[in-house]
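The block underneath contains the structure these notes are about, expressed in structure tokens.
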Ligand SMILES: NC(=O)c1ccc[n+]([C@@H]2O[C@H](COP(=O)([O-])OP(=O)(O)OC[C@H]3O[C@@H](n4cnc5c(N)ncnc54)[C@H](OP(=O)(O)O)[C@@H]3O)[C@@H](O)[C@H]2O)c1
């Protein structure tokens, strides 16, 4: 499988990239608005993993080339840029691709973080609107903290809830999520349920901010 992380130069992109690179044989394409930045970051991830003895396949390029080279495209950019970023790569998308939304729109005030629900219901649905018809969009990874992923000494024990309207794409994303050691993937049903998953993330951050010793929280449903 070939996985592109648009904005893979950032926090969650790095976390997912290095976990997939370490735990699977998939080819990872780091995307960026700036191809040179993507190449540099890809090299950083590659060196960090090869230094630890892992054999990895990580490349860097512009977002458009990364998407065109991949089967699965993770839109790992801030939520307000997600639709434009997908629109920018749309020409290279085909029906057998899968677009994944890990995005969460949040506001912050003095009280803490609050979910900023888009009029469409969720950022995953905003991304679906920007994605060509026929290309499945799946929500996943919204509740994983980048810091928990990037610390490779950290043993994960988290759930990832997967939402989407294409059963085959959902199954592929569940498999892809569970290939990361310590992740269990659960179906959350239709893409229209994505807002409920996205809304958990500000709760996790508020818990981390208000309780000593808690950081990089995730969810585990029992
Ligand atoms: N951080 C987390 O722990 C976490 C956890 C779960 C989900 N998420 C979600 O994942 C997404 C990315 O979060 P993040 O924390 O990784 O973000 P980030 O580090 O702030 O940004 C990720 C990348 O987005 C690109 N970017 C920045 N401004 C852009 C713009 N105007 N247009 C297009 N691309 C732009 C940048 O890549 P280039 O400059 O290389 O183009 C940047 O490296 C968000 O939607 C967030 O809600 C984050």
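The values are calculated or read from the model by the stated rules, or taken from the named source; none is laboratory data. Source: prediction; values computed, not measured. Cβ placement follows ideal geometry from the backbone for every residue including glycine, while neighbour counts extend to all protein chains displayed.
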Legend entry - Breaking point among (1) within 13 Å of the ligand (Cβ to nearest atom); (2) on the phi > 0 side of the Ramachandran plot, for residue 4: (2)
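Residues to consider are 127, 180, 174; find the one that is modelled with pLDDT of 95 or more and more than 28 Å from residue 52 (Cα to Cα). Before the answer, list the steps.
Values: 180 fails: more than 28 Å from residue 52 (Cα to Cα); 174 fails: more than 28 Å from residue 52 (Cα to Cα).
From the options 127, 180, 174, the qualifying one is 127.
Pick out the one residue from 9, 27 that is surrounded by fewer than 19 Cβ atoms within 10 Å (Cβ to Cβ) and free of Cβ contacts under 8 Å to residues at least 60 places away in the same chain.
Numbers: 9 fails: surrounded by fewer than 19 Cβ atoms within 10 Å (Cβ to Cβ).
Answer to the check: 27.
Tally the residues that are more than 21 Å from the chain's Cα centre (by Cα) and not in a loop (DSSP other than H, G, I, E, B), restricting the search to region 207-222.
So the first thing to find is which residues in region 207-222 are more than 21 Å from the chain's Cα centre (by Cα), and the list is 207, 209-214, 222.
Adding the requirement that they be not in a loop (DSSP other than H, G, I, E, B) leaves 207, 209-210.
Residues that pass the stated criteria total 3.
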Legend entry - Qualifying positions in region 34-63 - closer than 26 Å to residue 127 by Cβ and surrounded by 18 or more Cβ atoms within 10 Å (Cβ to Cβ): 38, 41, 42, 45, 58, 59, 60, 61, 62, 63
Inset, instruction - Starting from residues that are more than 8 Å from the ligand (Cβ to nearest atom) and surrounded by fewer than 24 Cβ atoms within 10 Å (Cβ to Cβ), keep the ones in region 65-81 and report whichever is farthest from residue 136 (Cα to Cα). - result: 65
Legend entry - Leading residue by the ranking (farthest from the chain's Cα centre (by Cα)) among those in region 109-144 that are part of a strand (DSSP E or B) and without any contact (Cβ under 8 Å) to a residue 60 or more places away in the chain: 109
Legend entry - Residue list for region 18-50, filter: in a loop (DSSP other than H, G, I, E, B) and near the ligand (Cβ under 8 Å from one of its atoms): 33, 34
Legend entry - Unique residue being away from the ligand (no atom under 12 Å from the Cβ), outside any strand (DSSP E or B) and more than 24 Å from residue 95 (Cα to Cα) when the list is 53, 15: 53
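Test residue 175 against the stated conditions and say whether it is surrounded by fewer than 19 Cβ atoms within 10 Å (Cβ to Cβ) and closer than 26 Å to residue 24 by Cα.
Details: surrounded by fewer than 19 Cβ atoms within 10 Å (Cβ to Cβ): yes; closer than 26 Å to residue 24 by Cα: yes.
Against the criterion (surrounded by fewer than 19 Cβ atoms within 10 Å (Cβ to Cβ) and closer than 26 Å to residue 24 by Cα), residue 175 qualifies.
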